[in-house]
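What follows draws every value from the coordinates through simple rules; no lab data is involved. Not measured: the values here are computed from a predicted model. Don't worry about glycine lacking a Cβ; one is built from the backbone with ideal geometry, like all the others, and counts go over all protein chains shown.
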Amino acid sequence: MTDLDDQLAGALLRSARQRMGLSQRAFADLIGVAQPTLSAYESGRRQPTLPTLMRMLHRAGLDLRLELVELDDHDAVLSQWEDSLDEASRRRLRSRGYRLVSDVA
């Protein structure tokens, strides 16, 4: 798993808890886990399974919705196009206010 994968469930739980204005202890009680377990989830030290995550959020009155969509590769296409530009073209685009992928990286 990547660092982002290790933090996703915890970030969702932390967001839900903060949205409700609850402490870790109060939110842990609400969703049916021990406070140290919730802390481990929020910090990325532990990962709940997807069914467990959905069950905890349901207990908090929230619904996690997942959607499969076609792959959006427009960033890769733009990056490839940008690589084909000469430096004069890049300067001209920047002077017109365009932000290039290489400017962000």
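Counting only residues that are in contact (Cβ under 8 Å) with a residue 24 or more places away in the chain and not basic (K, R), which one in region 51-91 is nearest to A34 (Cα to Cα)?
Among residues in region 51-91 that are in contact (Cβ under 8 Å) with a residue 24 or more places away in the chain and not basic (K, R), the one nearest to A34 (Cα to Cα) is M56.
Of the residues L30, L13, L22, which single one is assigned to a loop (DSSP other than H, G, I, E, B), out of contact with any Ser or Thr (no Cβ under 8 Å at 6 or more places or on another chain) and surrounded by 11 or more Cβ atoms within 10 Å (Cβ to Cβ)?
Of the residues listed, the single one that is assigned to a loop (DSSP other than H, G, I, E, B), out of contact with any Ser or Thr (no Cβ under 8 Å at 6 or more places or on another chain) and surrounded by 11 or more Cβ atoms within 10 Å (Cβ to Cβ) is L22.
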